[in-house]
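In what follows, a structure is listed as structure tokens, so that the remarks can point back to it.
The values are calculated or read from the model by the stated rules, or taken from the named source; none is laboratory data. Keep in mind that this is a model prediction, so the values were computed, not measured. Note that each Cβ is placed from the backbone with ideal geometry, even for glycine, and that neighbours are counted across all protein chains shown. With ligands, DNA and RNA removed, areas are computed over all heavy atoms of the protein, side chains included. Shrake-Rupley method; radii C 1.70, N 1.55, O 1.52, S 1.80 Å.
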Amino acid sequence: MRIGVATEIKPDEYRVALTPAGALELIRRGHDVVVETGAGAGSAYSDESYARVGARIGSVDEVWESSELVLKVKEPIASEYGRLREGLVLFTYLHIAADERLTRALVESGIAAVAYETVETTDRALPLLAPMSEVAGRLASQAGAYFLEKPLGGRGLLLGGVPGVAPGRVVIIGGGIVGYNAAIIALGLGAQVTILERSIDRMRHLEEILSGRVTLLMSSSLQIEASVADADLVIGAVLIPGALAPKLVTRQMIRGMRTGAVLVDVAIDQGGCFETSHATTHSEPVYVVDEVTHYCVANMPGAVPVTSTRALTNATLPYVEAIADYGLRDAVSRDAALAKGVNILDGKVTYEAVAEAHGLDYTPLEDVLPLSAV
Ligand SMILES: NC(=O)c1ccc[n+]([C@@H]2O[C@H](COP(=O)([O-])OP(=O)(O)OC[C@H]3O[C@@H](n4cnc5c(N)ncnc54)[C@H](O)[C@@H]3O)[C@@H](O)[C@H]2O)c1
């Protein structure tokens, strides 16, 4: 298959959808890889590093026009809509339930659009979202520790304390992938960590894997209020699949927090779980409300593209290989998880939540493709 790797042109996006190691795997399987000039630069991969493994370096037109499969990280932005066309498979993060214009552009183009974020295994795990949650969780504690420093507007507290001085208190709301990863970094820094969860099974699991080093509490409004009141750093990490994040920390609770405490709302990409949250960017990551610093960057993994690109492509490569080896139609027949990733095919919306979000007709994938073909 002819596979193209496009340069990300969305502001603040430095990841790339394929590493030279991934390109070599595809080339060894007999595929042809063309990488847009400079596509890997933000992730510290030079054009030469791709050329060395046998990939071609090409122009943006070449990547989009000559490929059968285009790999990206973020959704196409308006200036890329004209490049969408029938016969092309696009594999990328799409998040189109929140983007009607792009949904319509994809439908009208006749392209096959496969979204990383809706690839879903039978145990309901999202294998192509998980690596970015791992990165964001780890960054959350790191960013929180940084913004607790006095010159940055924080309380002026060292999370780990020192012998004779108590460590800082970190409260994590939501103990899923983000929450767990935030906890291990906060523990590593020496902080005292509490996780508020509402799934007892998940808390049992966390107790086991964290060897009892965190306090696990059932999440309720009353408990959240009590926990955030004496926290130095609060990390919002809840997810209710397919829904906006619940506003678990109210403005009133924030007024009751310590001066210079820090809130990191990782769930901001789902609307945020603090009443006072609004999305920020890496260039201006924080703002202050009621003397509490808010960090609400919607694309946290973008800050560490060298790590994020590798983590993302480790997870996507097996699916890319399947699409390249078998073609999209046979690949989705063989793998139900990948089939869940197909959002748009042949001008039809094949992912129900997307159709519902925009009042468009929903066509089950098996009505567009004979899924038992293989
Ligand atoms: N800002 C970013 O750059 C970025 C990056 C990655 C993920 N995220 C977001 O982080 C959030 C968490 O992602 P995840 O992968 O950890 O999800 P996850 O499904 O693994 O974990 C979410 C956890 O929240 C818990 N939960 C739900 N309601 C709760 C409540 N009321 N109180 C306490 N816990 C509750 C669930 O039981 C679950 O364990 C999502 O909104 C995700 O989109 C943001």
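Go through region 121-165 and name the trypsin sites (Lys or Arg not before Pro) that are in a DSSP coil and have 12 or fewer other Cβ atoms within 10 Å of their Cβ.
Values: sites: 124, 138, 155; in loops: 124, 155.
Listed in order of number, the matching sites are 124.
Between residue 152 and residue 85, what FRET efficiency comes out of the Förster formula 1/(1 + (r/R0)^6) with R0 = 56 Å and r the beta carbon distance, rounded to 0.05? All intermediate terms of the calculation are to be shown ahead of the outcome.
Details: r = 47 Å, r/R0 = 0.84.
Here the calculated transfer efficiency is 0.75.
About the Cα centre of the chain, how large is the charge dipole given +1 on each Lys and Arg Cβ and -1 on each Asp and Glu Cβ? Please answer in debye to the nearest 20.
Values: 31 positive and 46 negative charges, 202 e Å.
Charge dipole, the chain, about its Cα centre: 980 debye, nearest 20.
Given the options 190, 200, 227, identify the residue whose Cα lies farthest towards the positive end of the charge dipole of region 185-243 (+1 on Cβ of Lys, Arg; -1 on Cβ of Asp, Glu).
200
Whole angstrom only: what separates the Cα centroid of region 13-40 from the Cα centroid of region 185-250?
Distance between centres, Cα-based: 39 Å.
Of 346, 201, which has the most accessible area with a 1.4 Å probe, and how do the rest follow in descending order? Each step should come with its number before you reach the end.
Values: 346 75, 201 110 Å².
Descending accessible area places them as 201, 346.
Count charges around residue 251 for me, please; just the other residues with Cβ under 14 Å from its Cβ, Lys/Arg as +1, Asp/Glu as -1.
Values: positive: 247, 255; negative: 225, 265, 275, 290, 291.
Local net charge: -3.
Net charge within 11 Å of residue 186 by Cβ-Cβ distance, Lys/Arg positive one each and Asp/Glu negative one each, not counting residue 186 itself? Walk me through the numbers before you get to the answer.
Numbers: positive: 138, 169, 213; negative: 232.
Here the charged neighbours net out to +2.
Starting from the Cα of residue 340, draw a straight line to each of the aspartates and glutamates and keep only those under 15 Å, dropping any in the same chain fewer than 8 residues away.
Cross-link targets: 117, 120, 123, 330, 352, 366, 367.
Please list the helices of the chain that count as membrane-span-like by this rule: a mean Kyte-Doolittle hydropathy of at least -1.0 together with Cα atoms stretching 24 Å or more along the helix axis, each helix being a complete DSSP H run.
Numbers: long enough: 130-147 (25 Å, 0.27); 305-334 (33 Å, -0.02).
For the chain, where a helix must reach 24 Å along its axis and average at least -1.0, the hits are 130-147, 305-334.
Counting pairs of alpha carbon atoms under 8 Å apart in space and at least six apart in sequence, what relative contact order in percent does region 32-144 give? Walk me through the numbers before you get to the answer.
Values: 132 pairs, mean separation 18.8, N = 113.
It comes to 17 percent, rounded to a whole number.
Along its principal axes, what span do the Cα atoms of the chain show, with the longest given first and each in whole Å?
63, 45, 38
Based on Cβ point charges of +1 for Lys and Arg and -1 for Asp and Glu, what charge dipole magnitude is obtained for region 264-362 about its Cα centre, in debye rounded to the nearest 20? If you can, show how the numbers build up before the last one.
Working: 5 positive and 14 negative charges, 89 e Å.
Using only the charged Cβ atoms, the result is roughly 420 debye.
Over the chain, with every protein chain in place, what whole percent of the accessible area is carbon and sulfur at 1.4 Å, could you tell me?
Numbers: 8270 of 16270 Å².
In the chain, the share of accessible area belonging to carbon and sulfur is 51 percent.
Tell me, what is the 1.4 Å probe accessible area of residue 220, in Å² to the nearest 10?
Rounded to the nearest 10, the figure is 50 Å².
Springs between alpha-carbon atoms under 10 Å, Gaussian network over the chain: tell me which of 140, 322, 23 tops the mean-square fluctuations.
322
Take the alpha-carbon centre of region 258-292, take the same for region 320-357, and report the distance between them in whole Å.
Here the two parts' Cα centres lie 35 Å apart.
About the Cα centre of region 1-144, how large is the charge dipole given +1 on each Lys and Arg Cβ and -1 on each Asp and Glu Cβ? Please answer in debye to the nearest 20. Present the calculation step by step, with values, prior to reporting the outcome.
Working: 15 positive and 22 negative charges, 51 e Å.
Computed charge dipole of region 1-144: roughly 240 debye.
What is the distance, in nm, between label points placed 7 Å from the Cα along the Cα-to-Cβ direction at residue 288 and at residue 366?
For residue 288 paired with residue 366, the spin-label model returns 5.9 nm.
Determine the relative contact order of region 202-349: mean sequence separation of Cα pairs under 8 Å and six or more apart, normalised by residue count, in whole percent. Before the final figure, lay out the partial values.
Values: 178 pairs, mean separation 22.5, N = 148.
That works out to 15 percent.
Give me the accessible area per residue for region 84-153, probe 1.4 Å, as a whole number in Å². Don't skip to the answer; put the middle values down first.
Numbers: 2960 Å² over 70 residues.
Using a 1.4 Å probe on heavy atoms only, each residue of region 84-153 averages 42 Å².
Just to compare against my own numbers: the Cα pair-distance distribution for region 159-241, 10 Å bins, whole % per bin, please.
19, 55, 23, 3, 0
Using a Förster distance of 35 angstrom, determine the FRET efficiency expected from the C-beta separation of residue 218 and residue 12, and round it to 0.05. Walk me through the numbers on the way to the answer.
Numbers: r = 37 Å, r/R0 = 1.06.
For residue 218 and residue 12, the calculated efficiency is 0.40.
Report the net charge of residues surrounding residue 272, where surrounding means a beta-carbon distance below 10 angstrom and charges are Lys +1, Arg +1, Asp -1, Glu -1.
That works out to -2.
For the pair residue 278 and residue 125, what calculated FRET efficiency results from E = 1/(1 + (r/R0)^6), where r is the Cβ-Cβ distance and R0 = 30 Å, to the nearest 0.05?
Details: r = 30 Å, r/R0 = 1.00.
So the FRET efficiency works out to roughly 0.50.
So for region 81-126, averaging the separation of alpha carbon pairs under 8 Å that are six or more residues apart and normalising by length, what relative contact order in percent results?
Computed over region 81-126, the figure is 45 percent.
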